[in-house]
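Chemist: The structure is given below, and queries will be raised subsequently.
The values are calculated or read from the model by the stated rules, or taken from the named source; none is laboratory data. None of these values were measured; they are calculated from a predicted model. Positions of Cβ are backbone-derived with ideal geometry, glycine not excepted, and every protein chain shown enters the neighbour counts.
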Amino acid sequence: MTAKTLPGQPHIAYRGNELFIENVRLADLARQHGTPLFVYSKAAMLAALGAYQRGFAGRKAQICYAMKANSSLAILQLFARAGCGFDIVSGGELERVLAAGGDASKIIFSGVGKTRTEMRRALDAGIGCFNVESEAEIDVLNEVALAAGQRAPVSIRVNPNVDAKTHPYISTGLKGNKFGIAHERALTTYRHAAALPGLKVVGIDCHIGSQITQESPYLDAMDRVLDLVQAIEATGIPLHHIDFGGGLGIDYNGDTPPAADALWAKLLAKLDARGYGQRQLMIEPGRSLVGNAGVCLTEVLYLKPGEQKNFCIVDAAMNDLPRPAMYEAYHQIVPLTPRQGANTNWDIVGPVCESGDWLGRDRMLNVQTGDQLAVLSAGAYCMSMASNYNTRGRAAEILVDGIQSHLIREREYASDQMRGEKLI
């Protein structure tokens, strides 16, 4: 049977008139587990990781999965077994990595608002490095480390003022963003950190944004970071590693980000040309490892034609897939079993009591009540950002491996949500 793959989704394909993920029919999973339902391809995630691994072949490099993209335990376990470290941004994410069997020494702790409790727990766990993001944080981490009788390994996140050319909510490398130390203050900040007895300076960090689809911002940021490395080391402060963050985009709707191995071939050539090719490298991909590995399955509840808009009301909502409501983000939406006949222009909307609860606008589809749809590119920033708004339970999750499917998260019910609540 001939398979017809979907753009940007090499492990998701129509076989005849049925949509498959790897070798599993998605309609079977929807029937067995209900909807909304997240389904992920193990092969797609490992293939995405493989592109980075090929790009770094022969180099001293550590790939740390930016787990905020999708923090489900089985996915963390998959990346840990593949040799990845982890980029975390909270104490809760630290606990998830440890529960999934991740190596604490391969953890990088990023984020602008680490608490003293989180710092102490991370020190006790023996994480690899703190990416500190402000001068005030440097002083607090020094105090926490001294009180614990330890020296905290630190890398300072520098804001290079480079435009990542992405959505403003996920741009992180400009002067107006809350992240990192201003490029102009970096040298002074490094001198201060190096003088503190509770800290051990081990690296430099830079991360300019997310869903980046051009290579030029990376090349520009690398030049600015390497200029700083040269200036910092000239003062006698050695930097063991250089961390270039993550942020590589995926194909949501005809986007054309560079392949990870092709991008890093150019970045490594620049490193070599400047004499830093053998330095320990750290990178933190997230979306590019998991985004196109996942789909969200949903059922059509009602069709509501109107004078100005036709609404296709489905059982998935903004609490399951927040990206359209938050960023006006585009996700392809396709039927599990396409129908013959003319298409109609529909807005795909959910049951949540908000006009912002939409998954896709102006989609040409031939659908009927009871049909099942797949929202594509749903592996990143969907389940990890899901909420219980309107007391809706979070969806179940399935990991597909060839012909096998594994339930990796049970569906959440109202009783699960109310378990920790108390009546007066």
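Chemist: Tally time: how many residues in the range 316-337 are more than 17 Å from the chain's Cα centre (by Cα), under 21 Å from residue 20 (Cα atoms) and not β-branched (Val, Ile, Thr)? Lay out the reasoning, then the answer.
Modeler: Our first condition is that a residue be more than 17 Å from the chain's Cα centre (by Cα); within the range 316-337, this holds for 316-319, 325, 328, 332-337.
From the residues that got through so far, the ones that are under 21 Å from residue 20 (Cα atoms) too are 316, 332-337.
When the remaining residues are screened for being not β-branched (Val, Ile, Thr), the result is 316, 332, 335-336.
The qualifying residues number 4.
Chemist: Then there's this: Of all residues being hydrophobic (A, V, I, L, M, F, W, C) and touching a helix residue (DSSP H, G or I) at 6+ places or on another chain (Cβ under 7 Å) in the range 97-120, which is farthest from residue 145 (Cα to Cα)? Just the residue, please.
Modeler: In the first step, residues of the range 97-120 are kept if they are hydrophobic (A, V, I, L, M, F, W, C); the result is 97-100, 104, 107-109, 112, 119.
Subset that is touching a helix residue (DSSP H, G or I) at 6+ places or on another chain (Cβ under 7 Å): 97-100, 104, 107, 109, 119.
Values: 97: 22, 98: 21, 99: 24, 100: 26, 104: 17, 107: 17, 109: 15, 119: 8 Å.
Per the stated criteria, the residue is 100.
Chemist: Another question, then. So, in the range 341-385, of the ones that are surrounded by fewer than 22 Cβ atoms within 10 Å (Cβ to Cβ) and among the hydrophobic types (A, V, I, L, M, F, W, C), which residue ends up farthest from residue 67 (Cα to Cα)?
Modeler: 342
Chemist: Collect the residues in the range 279-305 that are more than 29 Å from residue 42 (Cβ to Cβ) and in contact with a helix residue (DSSP H, G or I) (Cβ under 9 Å, 6 or more places away or on another chain), keeping them in residue-number order.
Modeler: Listed by number, the list holds a single entry, 279.
Chemist: Can you name the condition, by its number, that residue 182 falls short on among (1) among the aliphatic types (A, V, I, L, M); (2) under 22 Å from residue 138 (Cα atoms); (3) surrounded by 18 or more Cβ atoms within 10 Å (Cβ to Cβ)?
Modeler: (3)
Chemist: Suppose the filter is crowded, with 24+ Cβ neighbours inside 10 Å and assigned to a helix (DSSP H, G or I); does residue 97 pass it? Walk me through it before giving the result.
Modeler: Numbers: crowded, with 24+ Cβ neighbours inside 10 Å: yes; assigned to a helix (DSSP H, G or I): yes.
Yes, satisfied.
Chemist: Among the residues of the range 393-400, are any among the aliphatic types (A, V, I, L, M) and farther than 24 Å from residue 288 by Cα?
Modeler: no
Chemist: When both residues are 6+ apart or on different chains and their Cβ atoms are under 7 Å apart, which pairs have a first residue that lies in the range 106-118 and is under 14 Å from residue 128 (Cα atoms), and a second that is of a type in the set (S, T, N, Q) and outside any helix (DSSP H, G or I)?
Modeler: From residues that are under 14 Å from residue 128 (Cα atoms), the pairs are 106/62; 108/131; 109/131; 110/131.
Chemist: Further, regarding this structure: Being under 18 Å from residue 10 (Cβ atoms) and part of a helix (DSSP H, G or I): is that true of residue 48 here? Spell out how you get there, then give the answer.
Modeler: Working: under 18 Å from residue 10 (Cβ atoms): yes; part of a helix (DSSP H, G or I): yes.
It is true that residue 48 is under 18 Å from residue 10 (Cβ atoms) and part of a helix (DSSP H, G or I).
Chemist: Follow-up. Can you name the number of the only condition in (1) closer than 27 Å to residue 134 by Cα; (2) among the β-branched types (Val, Ile, Thr); (3) part of a loop (DSSP other than H, G, I, E, B) that residue 201 fails?
Modeler: (3)
Chemist: Let me ask something else. In the list 397, 421, which residue meets the criterion of being closer than 19 Å to residue 314 by Cα and either surrounded by 17 or more Cβ atoms within 10 Å (Cβ to Cβ) or modelled with pLDDT of 95 or more (or both)? Before you say what the answer is, go through the steps one by one.
Modeler: Values: 421 fails: closer than 19 Å to residue 314 by Cα.
Matching residue, one of 397, 421: 397.
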